[in-house]
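First the structure, in the form of structure tokens, and then the observations on it.
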Amino acid sequence: LDSPPPITPWPSLACSLALYSAVHGVMGGGESRQLPAPLNGDDSNTEQAEQLRRELARGILEEALLKKKFIELGGADAAKKAPTEFDPYLNNRVNAVTLTQYIITSTGNDKQLAMLMNAIQNSCKVCANAIEKAGPAGLYGLAGTENSTGDDVKKLDLIADNVWVDCLTRSGTCCLLVSEEQEEAIIIPDGAKRGPYCVAFDPLDGSSNIDCNVSVGSIFSVYRRQSPDDAPATAADIVRPGTEMVMAGYCMYGAACELVITSGNGVQRFALDPALGEFLFVGDMVMDPKGGKKIFSCNEGNSLNWDEPIQNFVEKCKASGYAARYVGSMVSDVHRTLLYGGIFLYPADKKSPKGKLRVLYEGFPMALITEQAGGLASTGMFKGKVQRILEVMPEHVHDRCPIIMGGGRDVTKVLELYTA
């Protein structure tokens with residue numbers, strides 16, 4: 001028979017206690033562990049008690065050594081996962097604030113405003129999906145009609161308009177809607193299905209670019225009605241200065257789908273994660289107080305019809321090293337201006353004394369966003385005076401106004417040319 005394996009000798013009690021004390025000293029003093037006192041009795045009991053004491057001493061020593069090793073390896077931090085290149089992506093998807101969460105926390109007790117904001121984000125998601133699938137679904141091209149301002153209507157214009165009208169109407173929070181695609185305001189007559197808000201929107205801004213896959217967007221402004229709630233709303237509830245808006249925003253459908261909103265407390269930027277179906281918070285939008293990049297954005301095809309101050313400003317931009325950037329979709333051009341700096345201009349001219357952009361659903365919302373981001377928004381010379389866009393009083397739901405907006409550095413230079 002094989003001989004039994006050698007028995008590992010137990011450490012002496014004195015040795016174990018000495019090591020235990022040394023380890024605990026290194027650890028800075030831990031939980032006090034007391035060994036039982038020796039038992040008095042016959043020899044067999046004494047021997048058994050001594051054996052138990054030795055086993056306990058050995059266990060305490062092993063525990064102390066493990067604790068010491070754990071601390072040397074970094075303690076609790078060692079249990080953390082090692083960083084990888086995927087962490088920013090995963091952390092943003094898991095830890096980022098969603099637009100739904102933001103709506104709940106930012107609207108307080110105003111449940112109707114929360115429902116309205118949720119209906120708006122749903123409209124943007126549906127439009128983004130329709131635009132993404134436009135090619136395979138055969139949705140490019142003209143619809144064969146004109147909108148309220150005489151522009152040719154694309155198929156996606158009609159789809160986006162139906163989406164926005166249906167989502168807002170069914171939310172039960174609106175009493176009046178104004179769409180660029182419809183001549184008259186949409187009044188919701190049923191008292192049980194209407195709420196206190198009036199919304200003006202361009203369902204698909206820049207749609208002339210949609211067939212060539214250039215970024216387009218939706219723009220909206222929100223007012224709270226002033227007339228009594230017990231009767232249908234009227235156009236007067238929304239034909240008001242931009243200073244009375246409750247909130248405004250735009251959604252850009254491009255390489256990514258982004259939703260930018262403001263309720264008068266800064267500007268918040270969200271990006272749609274298609275896999276999650278949620279808008280995730282990207283950050284607050286704040287323009288560079290120094291003006292940012294030297295960029296001017298305008299349609300120079302109209303330059304011969306501009307007034308002299310606008311012509312002079314653009315020529316000075318060219319002479320001083322400014323870059324020209326113009327997409328032709330207001331959402332894209334303003335979005336770039338907010339992020340990079342510079343100035344966006346769509347001024348009045350001889351052909352269009354009021355400019356071309358609509359006040360309620362283009363000028364006002366973009367002006368509020370620009371100002372909340374730290375920029376300036378002016379009409380330039382309009383109706384005999386230089387005005388702040390938000391203080392313009394519209395004459396009807398599809399009224400127009402000139403647009404000069406961007407960083408203070410450049411907008412101020414334009415306005416100084418009017419007073420020179």
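The values are calculated or read from the model by the stated rules, or taken from the named source; none is laboratory data. Just so you know, these numbers come straight off a predicted model, no measurement behind them. Positions of Cβ are backbone-derived with ideal geometry, glycine not excepted, and every protein chain shown enters the neighbour counts. Ligands, DNA and RNA are stripped out before the accessible areas are found, and what is left, the full protein with its side chains, is counted by its heavy atoms. Shrake-Rupley method; radii C 1.70, N 1.55, O 1.52, S 1.80 Å.
Summary table
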read-out: Single residue of segment 151-168 satisfying the filter (assigned to a helix (DSSP H, G or I) and open to solvent by 50 Å² or more (accessible area, probe 1.4 Å)) that is farthest from Lys125 (Cα to Cα); value: Lys155
read-out: Top-ranked residue of segment 311-327 - restricted to ones that are open to solvent by 60 Å² or more (accessible area, probe 1.4 Å) and of a type in the set (Ser, Thr, Tyr), ranked as nearest to Asp157 (Cα to Cα); value: Tyr326
read-out: Qualifying residue in segment 227-235 (condition: open to solvent by 10 Å² or more (accessible area, probe 1.4 Å) and in contact with a strand residue (DSSP E or B) (Cβ under 6 Å, 6 or more places away or on another chain)); value: yes
read-out: Filter result for the condition that a residue is farther than 30 Å from Pro196 by Cβ and at pLDDT below 95, over Asn109, Asn92; value: Asn92
read-out: Residue among Ala192, Ala185 that is at pLDDT 95 or above, open to solvent by 10 Å² or more (accessible area, probe 1.4 Å) and of a type in the set (Gly, Ala, Ser); value: Ala185
read-out: Filtered residue count, segment 240-251, keeping only those that are open to solvent by less than 30 Å² (accessible area, probe 1.4 Å) and in contact with a strand residue (DSSP E or B) (Cβ under 9 Å, 6 or more places away or on another chain); value: 8
read-out: Positions within segment 254-304 being open to solvent by less than 40 Å² (accessible area, probe 1.4 Å), among the polar types (S, T, N, Q) and not in a strand (DSSP E or B), in sequence order; value: Asn302, Ser303
read-out: Filtered residues of segment 382-420 (kept if touching a helix residue (DSSP H, G or I) at 6+ places or on another chain (Cβ under 6 Å) and over 27 Å from Val246 (Cα atoms)); value: Val414, Leu417, Tyr418
read-out: Any hit, segment 203-224, residues being modelled with pLDDT of 95 or more, open to solvent by 20 Å² or more (accessible area, probe 1.4 Å) and either assigned to a strand (DSSP E or B) or over 22 Å from Asn122 (Cβ atoms) (or both); value: yes
